[in-house]
Amino acid sequence: MAPDRITNAIDSLITHIVPSDPNASEEATQERHDTCFELVKSILESPPSPAISSDVNHASDLIKRKLIQSNPSQALRFSNLYSRLLSLPVLEHKWAILYLLYQLADSPDPNEPLPLSPVKPSAPNYRDAISRDVIKRQGRERTSKTTRHEEEQFKDAFQPEGLKSLPPKVKEAKQVDEDGEPRPEAPKRDVSLKSTLLANNYSEIDPSESVILRDLPFTLQGLSSTTLPFVKQYTLKLPPTLPLPLVSLLHTLAEPSLLFRGLDEFCKSPAKGLLAQSLRAAISAELRSYLTLIATLEGQIRRALASLDEDAPRAGIGKAGVTLKRCVVWTREATMGLRLMSLIAEESEKKKGGQLVSLIHSFSSSHGDPVVAAFAERLLGSFTRPFYDILRHWIYDGELSDPYQEFFVREKAPSEDSSKGKGAGNVWEDKFEIAKDMIPSITTQDFAQKVFLIGKSLNFIRHSCGDSQWVEDYSKAASKELRYGDTATLETWIDEAYKTTMKRLIELMANKFHLFEHLQALKNYILLGQGDFIALLMESLAANLDRPAGAQYRHTLTAQLEHAIRGSNAQYDSPEVLRRLDARMLQLSHGDIGWDCFTLEYKIDAPVDVVVTEWGNRQYLKVFNFLWRIKRVEFALLSTWRRCMTGVRGVLQSSDPAVVQAWKSTRGVLAEMIHFVGQLQYYILFEVIESSWGELQKRIQKEDCTLDDLIQAHTRYLKDITHKGLLGAKQDDRTSYMVQLGEILRLMLSYRNSVDGLYSWSMSDFTRRQEADIRSTTRHDDDAALPPADQVPSEFPALQERLRQLGSSFRTRLQILLGDLAYQPDVDMRFLGVAMNFNDVYQPTRRKTKAAPSAGSAAANVSKG
Amino acid sequence: MPETDKHAAAQQAVDILHEISTILNCELDRRTLSICISMIERGVNPEALAKVIKELRGAAQEVEHNAAATARRR
């Protein structure tokens, strides 16, 4: 309209608002007035901003919103006034006036002194002031009062549009907190004032917030940008010109950036194992979702920056919806995730395989923060895939496909086998072992043991039992996808697999490899269970074995063995068993005779040797040798006894009472010895072997017997036999039963030799007497009989003395043995002592000192007996 | 009659707007407000006007500041 009226209005406005300086001159005032006028003119004539719509409701909405935020009670008043205003007919540009008022809202009061003088950036204390402010604010933010509002902010921030505005409550809370203590009057005004002031001064930073915002997505992706360059690998350089509050914001934002860089590099680094590889994969999947978040953030930032209003305070960033603070809030959860991942990545360097699984599982199971736990749980899902693949291979195929040794089952190092010597080539025990430290915490020890057994059995069935067909069928039929999570289902599957596998293995052992038959055969032949066979073998071999060991030939031995088999019930045994029976000589040492070296052998081959191990074989041999010696002594004693008995009727009759007495005592001692041997044999064969056999049968006939149980039962069986059978070498060597019995058996043999000597002396004596009789009947005056008569008595006392000595030392030793037996913890062994001494004919002596026990007690017994 | 009516209505409008400006802490006195209203009624851009007032206030402050300074110097 009329421009002059506007000019007039401007004039009056200037004079009204700008007071004339009483001290300044007229010209100066006029000049000021003119400059102001020019300024106003230029502003007014500049083209209007297109952003404003000339809608009356829009302006009122803006005002209303503002009032609701700052001062809800006034909002109602405003709407009343507003409706009254609308009803007035006069004004045409009501919206414009309202808009003007809106723009001028929260102006500083010119009449009162400014509560907060705007701090000029040029002032030296600018930074100090800001930093003081920052510190104050941070301290305030940390107080618990604000946490509730933070939560709300959180919620808002994660709504799709982001933070539309600060919730009113927050504003109130801040007002209360502004000066530390609530002030009932006029604080609201202060706050709005201050915020306006702050807003007015905000845009002066360099680089401006909008520039930083523009570069922020790059920084968050770990890329350098002009404002925020990465100086070194893990260093982000912030522009030095920024005020402290912004710097602290950027510090917070730098954390995810640096963590992302670190993790990105970690993902690119070469992995040392499958699990480490899958950890990298899982982490990089998480990083991808982080990048998605950043992309969304970038979209938001772009949109906000595009709609920025350059002229608004703080370049309008406050209204655009995206600020650095908001970015901090948005990236908060992601930062937590990144933090956890970088922790895991760091820890994982030192661990591998199952330990790695344990590490992450410990986060998911025992970390107090539910967010962390959920995150770790999610990570576990994809991370454990290779582990479960290995597990599946193991329990369904029996193959260990674990190139980096990450599974808790691993192949044993082959070098250990040879050094141990206990079971070289024992596929069952020595092929695989369980690595305790690799068992992840998601599985229990029991469970791991089961898994170990399943795989081992399958592997064993496939490789040692040659039944890969069954394994393949089984794996095809039963194979299931294993995954992390449903532990209960997994356990039932494992149990199922365990049962099937074990059943099959035992079935194979029993039916295909005749394990139980072999055990029976071992008992029959090696443990002398088959009496007729042993008796026949001994009889036919006796003459042969009396010769020196060097003169034994394998073919004669095998021929005799064959003969014994043919001649006894053994011939009805299955050829499978008989094929394995073999007779051979042990290693010769000088001076041995055939008896010492002969041994019977039962050959065990591939899969069964898992149960009857090499150690077991040696135990069997040990028992056999012991029993064979007893048998041999018994055989020798009995044959001598027979000779004596038959001799008594003829050749041994003598008129000399000394000789008769010698024979009598000899027979007595022989009978004692035979009694001893008989008791010993009975004890070992029936009390020990048969009862242990019964135990073994009971154990292996159980329903859910596994191969491990079988092996254990068999080992126990052998241990029982060797321990109770007086073969255990538990005590020190001098006093062990083995040594004592060996001594006694040797004594018996030498006694028997002496008896044989006595027998031949009696024979020669007899013949001499007969000859003398004949001579005396033919030639009475012949005295050629004298010289031989001189010789003979000199031989007899020596023999008599020797027999007496041997007999008494046998007794002594037997008494020591009985003494030892009487104090045995094992009932069966004590019972052996009782059976031998049932009528208390011996006095068991308890040896007290180890030093020279035999000499003293022998002397005592000699004087007694 | 319409002239007085209009005048009264204008008076009322200024009253209402003044109240609103008080609520909003605009710190406008009645005179300034009525000048502004008349300017806007003549088609002045409100946004520009707001800027103008802010500028003028800044100038006023400067003047006061100077006055205070000179007063203190004396």
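Is it possible to state the helix-based mean residue ellipticity at 222 nm for chain B, with each DSSP H run of 4+ residues giving -39500 (n - 2.57), the sum divided by total residues, to the nearest 500 deg cm²/dmol? What is it?
Here the helix-only value at 222 nm equals -29000 deg cm²/dmol.
Answer rounded, prolate or oblate for chain B, using the Cα gyration tensor with square roots of eigenvalues a ≥ b ≥ c: rounded when a/c is under 1.5, else prolate when a/b is larger than b/c, else oblate.
Prolate is the answer for chain B, as a/c is 1.5 or above and a/b outweighs b/c.
Could you give me the ³J(HN,Hα) list for region A:642-656, computed from phi with Karplus coefficients 6.51, -1.76, 1.60 and θ = phi - 60°, whole Hz, x at Gly and Pro?
Those phi angles translate into 4, 4, 4, 4, 5, x, 4, 5, x, 5, 8, 5, 9, 8, 6 Hz.
Please turn the phi angles of region A:689-701 into ³J(HN,Hα) values with the Karplus equation 6.51 cos²θ - 1.76 cosθ + 1.60 (θ = phi - 60°), one per residue in order, whole Hz, x for glycine and proline.
5, 5, 5, 5, 4, x, 4, 4, 4, 4, 5, 7, 8
Using the Cα gyration tensor of region A:562-633, with a ≥ b ≥ c the square roots of its eigenvalues, what is the shape: rounded (a/c below 1.5), prolate (a/b larger than b/c) or oblate (neither)?
Oblate, because a/c is 1.5 or more while a/b does not exceed b/c.
Mind listing the long-range amide H neighbours of A:Glu601? Cut-off is under 5 Å, sequence gap 5 or more, other chains count too, H placed in the peptide plane at 1.01 Å from N.
Long-range HN contacts for A:Glu601: A:Asp582, A:Ala583, A:Arg584.
So, in region A:427-564, how many Lys pairs have Cα atoms under 25 Å apart, if the pair is 8 or more places apart or on different chains?
For region A:427-564, the number of qualifying lysine pairs is 27.
Tell me the net charge near A:Leu228. Cut-off is 11 Å between Cβ atoms, A:Leu228 excluded, with +1 for each Lys or Arg and -1 for each Asp or Glu.
With Lys, Arg at +1 and Asp, Glu at -1, the neighbours total +1.
Across peptide A:28-40, how many C-beta atoms of other chains are within 10 Å of each residue C-beta, on average?
Per residue, the number of nearby Cβ atoms from other chains is 2 on average.
Can you classify region A:230-387 as rounded, prolate or oblate using the Cα gyration tensor, where a ≥ b ≥ c are the square roots of its eigenvalues, rounded means a/c under 1.5, and otherwise it's prolate if a/b beats b/c and oblate if not?
Since a/c reaches 1.5 and a/b is larger than b/c, the shape of region A:230-387 is classed as prolate.
Would you please give the residues with an amide H less than 5 Å from that of A:Leu236, counting only those at least 5 places away or on a separate chain, with H modeled from the backbone geometry?
Distant-sequence amide H within range of A:Leu236: A:Val231.
Laboratory data are not the source of any read-out in this text; all were calculated from the coordinates shown. This one's a predicted model, so the numbers in the text were calculated from it and none came from an experiment. Note that each Cβ is placed from the backbone with ideal geometry, even for glycine, and that neighbours are counted across all protein chains shown.
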